[in-house]
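Reviewing the structure listed below.
Quick note: the coordinates plus some simple rules give every number you see, no bench work behind them. Every value quoted in this text rests on a predicted model; they were computed, and no experiment measured them. Here Cβ is always computed from backbone atoms with ideal geometry, including for glycine, and neighbour counts include all displayed protein chains.
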Amino acid sequence: MEDVMSNNNKSDLSYHKSGTAKSRLNGAYGLGSRTPIRFGASLKYLMKAKQTYYDLIYEKDTENYLVYLYRKPLERDWNSFVLIQGARRRGRFNIEVGLSKRKKYPFHWASSKPSYAVDGVRERLNYLIESEDKWWTYTSAEELESVMETVVSETLGDGITLMIENYKDLIERELNLWMGYLRNIKETMSFRNGFEMDPREIFYDTYRIDEIADYVEKNNRLGTFSKAIPDFMQEKLEDPAFIAVQCKLMAHIMDLPDIDFRASTSEVVIPYEDDLTVFITGRVPPEYYFKLPQEETERHFMYSYIKVLSILESVEILQKGEVEDREKPKEEVQDTW
């Protein structure tokens, strides 16, 4: 079905000939147009023409937005993503870019602090380029095509390059760090085959292991942070071997020299408007519903616990693959109104 947007609101758009399209927040507003605007058709044409190696892997119509998700495979099992959301009843759109070791769109913001990201991050394109979450606006089909061509052909490439430059090596280093810890943990635990998997006994010489084990066992039992992990990991929270790994990895994180920085929160909270991650990933980032305590020790414990769950989820998927990362059929967008 044809994707027609009827744009009857008052908004305007300007873009610089240097190539970076920008949303104008002030200034005179143009008259609203009632001309039908084929948002999806224009977007798909430009993505195919200007971003040749990106495949449309997901599209959906929600009450307020048309959503299009593109993916491009990179070297060494990396994937880059472009997520476009066009407003149904307002002449505006926004774009996110993502980078991940998985084939699934990442749900952690790159700018979130604390960061629970392990194998991928995403960011709003305008925030990445201009440090402000602004939307591109338009009043006519001509304006839409003009700004979208600039964004897709030039600004988008700049944003993806920045994501790769800023986060690819960082994610690789962090993954190598966690994988190294896990190899050592599992080697130690391999000598415990047939014995009770009590972290207090296996890692008896680890600083604060008794406190950590109490904290992990209590919160696993109560499901305090169950929202932070997918369904396939819920049953693992009762597995003694999994709990032992949790405890030792948590001890490693709490012993990092920069733990206070890692477990600190940003003084500036970016008010991302209309984040559609729940529709794309089926997940809500932990930073949206878990607020770290003010007290330092409590903050370190809570941050490390949630971070460990993210690490173990990521390692499980990257090593074995899960249903979560398998392709789902694209949903046809019924986007006429």
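For the range 58-95, which trypsin sites (Lys or Arg not before Pro) are in a loop by DSSP, counting at most 14 other Cβ atoms within 10 Å? It would help to have the intermediate numbers written out before the result.
On the way: sites: K60, R71, R76, R88, R89, R90, R92; in loops: R88, R89, R90.
Passing sites in the range 58-95 are R89.
Could you give each residue of the range 218-229 its phi-based ³J(HN,Hα) in whole Hz, using Karplus coefficients 6.51, -1.76, 1.60 with θ = phi - 60°, and x for Gly or Pro?
My calculation for the range 218-229 gives 5, 6, 5, 5, 7, x, 4, 10, 4, 5, 7, 10 Hz in order.
R0 = 41 Å: FRET efficiency of Y204 with R76, Cβ-based, nearest 0.05?
0.55
To the nearest 0.05, how large is the calculated FRET efficiency for S131 and Y53 if R₀ is 35 Å and r is the Cβ-Cβ distance?
Details: r = 28 Å, r/R0 = 0.81.
Efficiency, rounded to the nearest 0.05: 0.80.
For a paramagnetic label modelled at 7 Å from the Cα of D258 toward its Cβ, which residues of the range 130-171 fall within the zone defined by backbone nitrogen distances under 13 Å?
Label zone hits: 167, 169-171.
What is the fewest-to-most order of E143, E211, E165 by other Cβ atoms lying within 10 Å of their Cβ?
Exposure proxy ranking, most exposed first: E165, E211, E143.
What is the sum of charges, Lys and Arg at +1 and Asp and Glu at -1, for the other residues whose Cβ falls under 15 Å from the Cβ of E295?
Spelling it out: positives minus negatives among the neighbours equals -2.
How much length, in nm to one decimal, is gained on full extension between E63 and D274, taken as 0.36 nm per residue of separation minus their Cα-Cα distance?
Working: separation 211, 0.36 × 211 = 75.96 nm, distance 1.18 nm.
The E63-D274 span can extend by a further 74.8 nm.
For the range 91-247, what is one quarter of the convex hull surface built on the Cα atoms, given in nm²?
Working: hull surface 49.4 nm².
Result: 12.4 nm².
In sequence order, what are the phi-derived ³J(HN,Hα) couplings for the range 296-303 according to the Karplus relation 6.51 cos²θ - 1.76 cosθ + 1.60 with θ = phi - 60°, rounded to whole Hz, with x for glycine and proline?
Values, residue by residue: 4, 5, 4, 5, 5, 4, 5, 4 Hz.
By count of other Cβ within 10 Å, fewest leading, how are F242, F279, F261, F107 ordered?
Lowest to highest Cβ neighbour count: F261, F279, F242, F107.
Cut-off is 10 Å between beta-carbons; in what order do R183, R38, R124 appear when sorted fewest neighbours first?
R183, R38, R124
Pairs to check: K104/K186; K44/K101; K60/K291; K186/K248; K104/K227; K50/K103. Give those whose C-alpha atoms are more than 20 Å from each other in this structure.
K104/K186; K44/K101; K60/K291; K50/K103
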